[in-house]
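As structure tokens, the structure follows; a few thoughts come after it.
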Amino acid sequence: MQKVDLKNKTVVVTGAAKGIGKAIALEFAKVGANIVLNYRSSVSEETVAEITGYGVTCLPVQGDVSRFAEAEQVIAAAKEQFGSVDVLVNNAGITKDMLLMRMTEEAFDAVIAVNLKGAFNMIRHASKLMLKQKSGTILNLSSVVGETGNAGQANYAASKAGIIGLTKSTAMELASRGITCNAIAPGFIETDMTDVLKGEMKEALKNRIPLGCFGQPEDVARTAVFLAENPYITGQVINVDGGMVC
Ligand code: NAD
């Protein structure tokens, strides 16, 4: 199969105001794709300007992906502005870490609602459009802890393991219609999400990374573009983790 040219394609990235989502939006903009930048509460003018600096259009769309109707509005806005959704990146995610014995029902539900149901909501609405187009690529952000588990992250690890099942099922259902679906499982990437960890915990984590350093958002972003450009890959989980899970 031929490499996909992403120039003038429409890429929807959820939770893209900062961190990995922003890096993904920028990486797609670099190869000429128009960006639908979903954010939950706010996005800076500088971020939008950075993206449009690559000569593409960026449409910021507010919406909480955990809400089915709001996810629908994000896709509707993309369709109205660009007429298609070629790539959907389910990046929005949260953590509410605590040991299982102390974990509240609310902390469990909140993480599942954003990380797992949010991805389902977006896929449900975007795939309708992709089915009509007979093409599209869906990328879901999982995590190494979805593969290995992690003490203190039962809710988060369950959501990210769920993403893998969602990814593989979506890939199987939609392959015959020209739509691919893959997951990216990052290890420890330096963003606000990991900035909250204490110094000694960070050092302990670094010792578990064979390549000996933390990852950067751009490491994940380049993988997202690679997957979107390669239409013969589907149903896979690609680790971007410095060798943490071998
Ligand atoms: P981050 O906290 O910097 O960014 C997460 C973004 O998601 C924020 O912009 C936030 O506003 C947005 N968001 C949260 N809830 C939302 C909602 N309901 N609707 C829309 N947007 C929402 O985190 P990050 O490190 O950039 O993580 C991005 C993704 O990568 C997440 O899915 C995360 O679980 C995953 N991941 C990160 C790491 C890491 O080490 N940073 C590792 C593995 C996986």
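The values are calculated or read from the model by the stated rules, or taken from the named source; none is laboratory data. Worth saying up front: this structure is predicted, and the values here are computed from it rather than measured. Cβ placement follows ideal geometry from the backbone for every residue including glycine, while neighbour counts extend to all protein chains displayed. Heavy atoms of the whole protein, side chains included, go into the accessibility calculation; ligands, DNA and RNA do not. Shrake-Rupley method; radii C 1.70, N 1.55, O 1.52, S 1.80 Å.
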For this session: Within the range 3-30, work out how many residues are open to solvent by 30 Å² or more (accessible area, probe 1.4 Å) and more than 15 Å from the ligand (Cβ to nearest atom).
Result: 7
For this session: Looking only at the range 52-80, count how many residues are under 20 Å from K22 (Cα atoms) and more than 13 Å from the ligand (Cβ to nearest atom).
Result: 11
Exercise. When you go through (1) surrounded by fewer than 18 Cβ atoms within 10 Å (Cβ to Cβ); (2) farther than 17 Å from A92 by Cβ; (3) of a type in the set (D, E, K, R); (4) within 16 Å of the chain's Cα centre (by Cα) one by one for D241, which number turns out not to apply?
Worked result: (1)
Exercise. Just wondering, is there one or more residues in the range 194-206 that are acidic (D, E) and either modelled with pLDDT of 95 or more or in contact with a helix residue (DSSP H, G or I) (Cβ under 7 Å, 6 or more places away or on another chain) (or both)?
Worked result: no
Exercise. Given (1) more than 16 Å from the ligand (Cβ to nearest atom); (2) in contact with a Ser or Thr (Cβ under 9 Å, 6 or more places away or on another chain); (3) not aliphatic (A, V, I, L, M), where does E105 come up short, assuming only one miss?
Worked result: (2)
Problem set entry | Set T148, T167: member being more than 10 Å from the ligand (Cβ to nearest atom), of a type in the set (S, T, N, Q) and surrounded by 24 or more Cβ atoms within 10 Å (Cβ to Cβ) | T167
For this session: Would you tally the residues in the range 77-132 being among the aliphatic types (A, V, I, L, M) and assigned to a loop (DSSP other than H, G, I, E, B)?
Result: 6
Seminar exercise, completed: Picking from V36, V65, the residue that is under 18 Å from S84 (Cα atoms), buried (at least 20 other Cβ atoms within 10 Å of the Cβ) and under 18 Å from the mean Cα position of the chain (by Cα) would be V36
For this session: Take the range 123-140 and flag every residue that is out of contact with any helix residue (DSSP H, G or I) (no Cβ under 7 Å at 6 or more places or on another chain) and not charged (D, E, K, R).
Result: M130, Q133, S135
